[in-house]
Amino acid sequence: MNPPLLEVSNLQVEFDTYGGTVKAVRGVDFNVEAGRTLAIVGESGCGKSVTVQALMGLIPMPPGRIMGGSAKLRGIDILGRKTIEGREVRGAEIGMIFQDPMSSLNPTMTIGDQIAEPLQVHRGYSHRQAMARAIELLELVRIPEAARRAAQYPFEFSGGMLQRAMIAMAISCKPTLLIADEPTTALDVTIQAQILDLLKDLQAETGMAIILITHDLGVVARMADAVAVMYAGKVVESGSVDDVFYRSSHPYTLGLKQAMPTNQRDAVQKLMPIEGSPPDLFAPPVGCGYCPRCPHAMSVCATQPPTPIPVADAHYARCWLHHAQAPHSVPGLYYGGGHD
Amino acid sequence: MTTPVSLSPVSQSPVSDAPVLNPADFAPITQRADVQAISRPSQSYWQDAWVRLKKNRRAIVSLWLIVGLLAFAMLGPWLWQIDPARQDIDQISQAPGAERSATVVAPYEFRGGQAQAGFESGTGLRLGAEANSQAVRLLWDAVPGAGGYRLYRNIFPVDDARAFGLPIAEFPNPQAGYYEDRLDLRPDTYFYSLVTLNDQGALTDDYQTLEVPVHRVITVDEVRERNLVAAEETLAVGDEVFLALHPLGTDYLGRDMLARLMAGARVSLFIGIVAPFLFVLLGVTYGATAGFLGGRVDQLMMRLADFVVALPFLLFMILFQVVFGIGPGESGIVPLLVALVVLSWPSTARLVRGQILQIRQEAYISASRLLGAKSSYLVWRHMIPNTMGVILVTLTFAVPSAIFTEAFLSFIGMGVAPPTASWGSMSNEGLATMLTHPHELIFPALFISITVLAFNLLGDGLRDALDARMRSFE
Amino acid sequence: MWQYTLKRLIQGIITVWFIATATFLAMHNVPGDPLSAERGTSEAIRANLAARYGLDKPLTEQYVIYLGNFIKGDFGISFTQQNRQVNDIIREHFPVSATLGVLAVIFAALGGVLWGALTALYRNRLPDTIIMFLVILGISVPSFVFAALGQLTLVNLNALFGISLLPVAGWGTVSHMLLPALVLGMGTMAYLTRLMRSSMLEIIHSDYIRTAKAKGLPAARIFTRHQLRNAILPVITVLGPAIAAITTGGFVVELVFAIPGLGRYFVQAVQQLDYTVIMGTTVFYGAFLVFMVIVVDLLYGWIDPRVRLQ
């Protein structure tokens, strides 16, 4: 097996705020294979955006701090570095698109100029060359009348069009990894599907890997090859998309699935919200972060932080329920082959 | 299915590393805390704002400064009971901490050319008696060939450029002469120059100069008249008495600076605080009415506000001062106040109207309406409290600009009328003597600056504490 | 854009009309008869004025005459100086005030943008602390104190070097203009510095700067291409009021530095109750300011594509 394109291990990020220090990311590990898509799933505030911003060096410091861990792109740690192998990490090696395309583009600069910028900076294109390439890129992301559109300003674009322009900008220097931070959250449902299809097609064309941050399990099912579920600053379950969806091994993943509406005709189950709210990360819990909300919590959960326990090949769950001494009696929870 | 993407945890064999656990650890938790409970105590909007304001050291220092300034204006005149209008003619334009001692002497009497004991000998231009602030008595011998003399006085030594200073007397005869200078003498060093005139009475190059240190003296009658010592105390010539104390010196009319600064503080702070309070009140009422009524009335009301905003502010302030006309004996405070209110309300009105319009759109207003709330309830319970923060910040920032306006107008002579003191009018008076007695300008200017600074910093702090959306990135 | 310009101009004309009316009404409420003998106007001037303004006619008729004269661009004749046209007074003294004002505005705007950008770049470090301290001083110290202190400093400097570095007062050459313009622009510069700083800091935290960073642009390019241009926009919006503040603030500076500008003339006219000069100058200044605000708004529209293209 080839080494993964990106290996993140034990990443920890803190923020100083008015109220104290927030431990937003408390030891996150995941890998991304070349050409594949990893979805990072979790509710608001679970640390998924902070994780990828740390990779890109976008954490404002201060008040932010990277407390430890590493992120190796092709074996080289990129945390705190600007270039690897002579190439700029940001913009050239890794492209990134954001949640709100309306506010993520400079309002007083033409779309064309903004797409051309990374080419001029990283590739040394002249302004004319870069603009020509920018128009090609706009065509590639299926914006009609690309040449005319390139001379327009962001306020003249619709949300979906802007997100396409963002994508064109992010892939302009042919990055090996594209990070999409909730790329469709701010868009209409119909536009969402178009953007996701576009990302898939571009991935097939260019062979780049994608990290997709989302809280929408529908998007995950549609796009991802692998999934990492985050809760309270930690990855609680990870594995292939089938493993996580059909053989969910963490009570939180189960809860998420039960809280998701389905369009299956025979669905008789009621939507089950997860009671309570995530823990206060000013004072992170001693044991498992999900313990106060977990219907299956045990004494150990409140006192000891669980470590990742393999339930199958490349499928891990950070949950005491998988411990050899645990009763293994939770309905619906997948315990792996060894314990059935 | 193969898993192309895998999670590789740091501890690859977690189970073996796990702490030793016993079966009791795996018992389900039955007793659990209410998961809906919020872990930290909740604070009301104002409590939260107060906590944040208290953390802002600059704002708190400013708050104390403002309290101090108010105390200076209100309580000061009780502690320092000197009439700000009283003129101390012995001490005019006196710098703070100047020498106040005076020697008691006999009343002035004319001596003519008669030299005092101990001053009989000497040649040229010389003193005929001990020089003091009562009189400087000069004697001189005849200069051969002279047609007459002219006497000058200066406070600087005579240099090559021959600036002799003030000509005080001219003598047409060439004999030895005398002069008694009693013109506005202060405890200082004077340089007298006697220039020889020729037969035609024109100046010649020949002159002699004399440096005369003058010390302050006072007669018994003057001491009694000014109550400088207790009535029962006896006084004799040669005793030393002290003139009235002026901790911050006196102005060009000999008025006590400290007392005037206190009186000025009353005027400046009164205008600076009352005027904003009035126009913010007017603006809030107007803006809230317009915003709440909406529609055509709102359009009409705001059009009027737009026009008032378009008036050039300071020009119309001046114009209003002219229109009101300050009659004899009036201080001019009321016209200033009225003009400020009439011209300043629209900005608050616009702000409050905007806020009200915004709040009207909020879902909780609709919800309240659906529950049967009356308009007056909506205004008092929801709209006013939600705009209170913005109003308070506006009010705080309105104070320094009102103080500036008063100072500006008084400075160009269109503000309060003399003899009423305000910091602005004091600065105006101080400007004339800026080069020789800078303290007369510096003190009132300092008070204006400190007040404006304190209100500005408090306003910044309030804005940061009250509304995260308006927070400046300090 | 043309439609917008036209709309603004019409609004401006209505505003000027309002200013003229307010001035007219204000001046006609001055206690006492402006033409009474105790005002010291000579017989000749009085007759002249009465004929010109129809002072014996009812108020509405006077108002019509007054407006008619303004439309013709005739501001009348002085009350206190025989046969002196208010137009001549404005023509003679306004260029002086305008020169001083323009210099001060340029100084304030350039300084404000420069210092504001610097403080944002060095946020919470020594240059920021020093500049912000000076800014707070600049906002809290009245202009006449700056004027007096500036003059005092210059006197002492001239004495120290034994030569006249810059003239202490008066008007005529560029060297006369420097210190007054500096003093006049000081308060506005402090205000603009603060505005520029908070605008810069707001933009540093904006999403599109994060995008620019994610694109891997060098800090210098982000600063010049993305931050500066967007941060200047709010500064431009307040230039209109800033020009108004500087124009009227000029009264004091002209007074202290003995500059023969319209502001100093206006203050004199007010002290002498020269009504036509007061009215004429007020309306002229008012119209000038309304016009300047429109120019600034149009300038803003030209710079910000969001306004320009809508």
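The values are calculated or read from the model by the stated rules, or taken from the named source; none is laboratory data. It should be emphasised that the depicted structure is a prediction, and the values quoted were computed from it without experimental measurement. Because the Cβ atoms are built from the backbone with ideal geometry, glycine has one as well, and the counts that use them run over all protein chains shown.
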- In the range C:280-292, how many are farther than 13 Å from C:G73 by Cα and in contact (Cβ under 8 Å) with a residue 60 or more places away in the chain? 4
- Query: Does B:T289 count as farther than 30 Å from B:I92 by Cβ and in a helix (DSSP H, G or I)?
  - Reply: yes
- Considering only residues of the range C:238-274 that are touching a Phe, Trp or Tyr at 6+ places or on another chain (Cβ under 6 Å) and part of a helix (DSSP H, G or I), which is farthest from C:S206 (Cα to Cα)? C:V267
- Note on the range B:48-106: residues more than 22 Å from B:M257 (Cβ to Cβ), exposed (fewer than 13 other Cβ atoms within 10 Å of the Cβ) and β-branched (V, I, T) are B:V51, B:V67
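Specify the residue that is surrounded by the fewest Cβ atoms within 10 Å (Cβ to Cβ); the eligible residues are those in the range A:46-71 that are in a loop (DSSP other than H, G, I, E, B), of a type outside the set (V, I, T) and more than 14 Å from chain B (Cβ to nearest Cβ).
Top of the filtered list is A:M61.
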- Search result, residues across the range B:439-455 that are free of Cβ contacts under 8 Å to residues at least 60 places away in the same chain and facing chain C (nearest Cβ under 7 Å): B:L441, B:A445, B:S449, B:V452
- Message: Take the conditions closer than 25 Å to A:N2 by Cα and in contact with a Leu (Cβ under 6 Å, 6 or more places away or on another chain) and apply them to A:L79. Does it pass?
- Response: no
- Item | Qualifying position, being away from every other protein chain (no Cβ under 12 Å) and buried (at least 19 other Cβ atoms within 10 Å of the Cβ), among C:V135, C:V113 | C:V113
- Run B:P419 past the list (1) within 24 Å of B:P335 (Cα to Cα); (2) more than 15 Å from the chain's Cα centre (by Cα); (3) facing chain C (nearest Cβ under 8 Å); (4) not acidic (D, E) and report the number of the one that doesn't hold. (3)
- Item | Selection within the range B:145-203 - of a type in the set (F, W, Y) and in a loop (DSSP other than H, G, I, E, B) | B:F156, B:F164
- Filter pass, C:G263 being crowded, with 24+ Cβ neighbours inside 10 Å, in contact with an Asp or Glu (Cβ under 6 Å, 6 or more places away or on another chain) and either on the phi > 0 side of the Ramachandran plot or within 14 Å of chain A (Cβ to nearest Cβ) (or both): no
- Pick from the range A:111-148 the residues that are over 30 Å from A:G86 (Cβ atoms) and either touching a residue at least 40 places away in the same chain (Cβ under 8 Å) or within 14 Å of another protein chain (Cβ to nearest Cβ) (or both): which of them is surrounded by the fewest Cβ atoms within 10 Å (Cβ to Cβ)? A:R148
- Message: more than 9 Å from every other protein chain (Cβ to nearest Cβ), within 20 Å of C:F144 (Cβ to Cβ) and of a type outside the set (D, E, K, R): which single residue out of C:A287, C:A242, C:A231 fits that description?
- Response: C:A242
- Message: Looking at A:L178, A:L138, A:L162 in this structure, which one is of a type outside the set (G, A, S) and not in a helix (DSSP H, G or I)?
- Response: A:L178
- Among the candidates B:M414, B:M426, which residue alone is within 14 Å of the chain's Cα centre (by Cα), touching a residue at least 24 places away in the same chain (Cβ under 8 Å) and either within 22 Å of C:V270 (Cα to Cα) or within 14 Å of another protein chain (Cβ to nearest Cβ) (or both)? B:M426
- Item | Matching residues, the range C:59-84, being within 18 Å of C:N29 (Cα to Cα), of a type outside the set (S, T, N, Q) and at pLDDT 75 or above | C:L59, C:E61, C:Y63, C:V64, C:I65, C:Y66, C:L67
- Residue, surrounded by the fewest Cβ atoms within 10 Å (Cβ to Cβ), within the range A:303-325, restricted to residues that are outside any strand (DSSP E or B), in contact with a Gly (Cβ under 8 Å, 6 or more places away or on another chain) and at the interface with another protein chain (Cβ under 7 Å from one of its Cβ atoms): A:Q304
- Item | Long-range neighbours under 8 Å by Cβ, at least six apart or interchain, first residue away from chain B (no Cβ under 12 Å) within the range A:221-234, second charged (D, E, K, R) and assigned to a loop (DSSP other than H, G, I, E, B) | A:Y231/A:E43
- Checked pairs for the range C:153-168, first closer than 13 Å to C:L179 by Cα and free of Cβ contacts under 8 Å to residues at least 12 places away in the same chain, second among the hydrophobic types (A, V, I, L, M, F, W, C) and in a helix (DSSP H, G or I), C-beta under 7 Å and 6 or more apart or across chains, list as C:L165/C:L157
